[in-house]
1. Cβ contacts < 7 Å: first residue under 9 Å from Y205 (Cα atoms) and more than 10 Å from the ligand (Cβ to nearest atom), restricted to segment 219-239; second residue assigned to a loop (DSSP other than H, G, I, E, B) and modelled with pLDDT under 95, any location; separation 6+ or different chain. Result?
2. So which of I92, I78, I100, I124 ends up being within 16 Å of the ligand (Cβ to nearest atom), in contact with a Cys (Cβ under 7 Å, 6 or more places away or on another chain) and on the phi < 0 side of the Ramachandran plot?
3. What is the residue count in segment 185-210 for residues that are of a type outside the set (K, R) and within 18 Å of the chain's Cα centre (by Cα)?
Amino acid sequence: MKRTKYVIANWKMNGQKDSYKLVKSISNYHKKMKRKTSKVVICPPFTLLSEFIKKEKNIKFGGQDCHHKSEGAYTGSISAKMLKSINCQYVILGHSERRIYQKETSQELNLKIQSAINNNLKVIYCIGEKLEEIKKRSIILKKQLSSLPKKIEPKKVIIAYEPVWAIGTGKVPSLNDINKIHKKIRNILSNLVSPDFSRHVSILYGGSVNAKNSADILNLNQVDGALVGGASLKSKEFCKIIDSYH
Ligand code: PGA
């Protein structure tokens, strides 16, 4: 089984009423591509999800978080069940911005992952070390990966390795490092979940991916795609990233 490749847009807290034109131009470009090497997923803010899902069938969509409970007195939260009810198919969980600003813990993320999977959402699970944690990267990644359920099929989850120091900074690890770290993640997953899971799960790179560096990164043999922030908000740039495969 070949691993599925993805190019995923994380719009973060960006996108207004007129942002559908960005989705449309990406979709038109994707339709015209002769070789569709990767699946394209756009994760806009919650306010735009339902409209995009109704209007655009060529692209898949995801939320940027979900609560671990299905419903209840949790002001401001959105559940996995709610996302599924509007035919959303993906959800980003554990993004470093949420781990930092919302103080999301490994325990809470484990519950969120389970809730997403129970509601048939595919989880885009983000992991990555901070600058001051580079020396103990393996320990950090192992701890973050241990939020995954012990029994999980590779098609239920996508891992996104995003070094925190590379997000929005223009700094990217060397190609050699990216490939090595992805291999390391596979080794950790082989022990934590199973060798079969680690062979088949897609592992994406994220952190300052742009149209200039995407071909080099996406064609590394251990990298199964990219999670793109800033560059996903510019149509031409994002389309070039989707078209990065040799
Ligand atoms: P960036 O963000 O591409 O702007 O660095 C990536 C992310 O946070 O997912």
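1. Close Cβ pairs (under 7 Å, with a partner that is assigned to a loop (DSSP other than H, G, I, E, B) and modelled with pLDDT under 95) amount to G225/S38.
2. Just a single option satisfies the conditions, and that option is I92.
3. Of the residues in segment 185-210, the ones of a type outside the set (K, R) are 185, 187-198, 200-210.
Subset that is within 18 Å of the chain's Cα centre (by Cα): 185, 189, 197-198, 200-210.
Result for segment 185-210: 15.
A quick yes/no check of all residues on (1) under 16 Å from L233 (Cβ atoms); (2) among the aliphatic types (A, V, I, L, M); (3) surrounded by fewer than 18 Cβ atoms within 10 Å (Cβ to Cβ); (4) within 16 Å of the ligand (Cβ to nearest atom):
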| position | (1), (2), (3), (4) |
| --- | --- |
| S19 | yes, no, no, no |
| L22 | yes, yes, no, yes |
| K32 | no, no, yes, no |
| K36 | no, no, yes, no |
| C43 | yes, no, no, yes |
| F46 | no, no, yes, no |
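Let's see how each residue does on (1) within 15 Å of the ligand (Cβ to nearest atom); (2) in a helix (DSSP H, G or I); (3) in contact with a His (Cβ under 6 Å, 6 or more places away or on another chain):
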{"site": "G168", "(1), (2), (3)": "yes, no, no"}
{"site": "H182", "(1), (2), (3)": "no, yes, no"}
{"site": "S208", "(1), (2), (3)": "yes, no, no"}
{"site": "K212", "(1), (2), (3)": "yes, no, no"}
{"site": "H246", "(1), (2), (3)": "no, no, no"}
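Residues checked against (1) buried (at least 19 other Cβ atoms within 10 Å of the Cβ); (2) more than 16 Å from the ligand (Cβ to nearest atom); (3) closer than 30 Å to I86 by Cβ:
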position	(1), (2), (3)
T105	no, yes, yes
N110	no, yes, yes
A116	yes, yes, yes
E132	no, yes, no
L141	yes, yes, no
S146	no, yes, no
P149	no, yes, yes
K156	no, yes, yes
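The values are calculated or read from the model by the stated rules, or taken from the named source; none is laboratory data. If you're wondering where the values come from, they're calculated on a predicted model, not measured in any experiment. Neighbour counts are summed over all protein chains in view; Cβ atoms, including those assigned to glycine, are modelled from backbone coordinates with ideal geometry.
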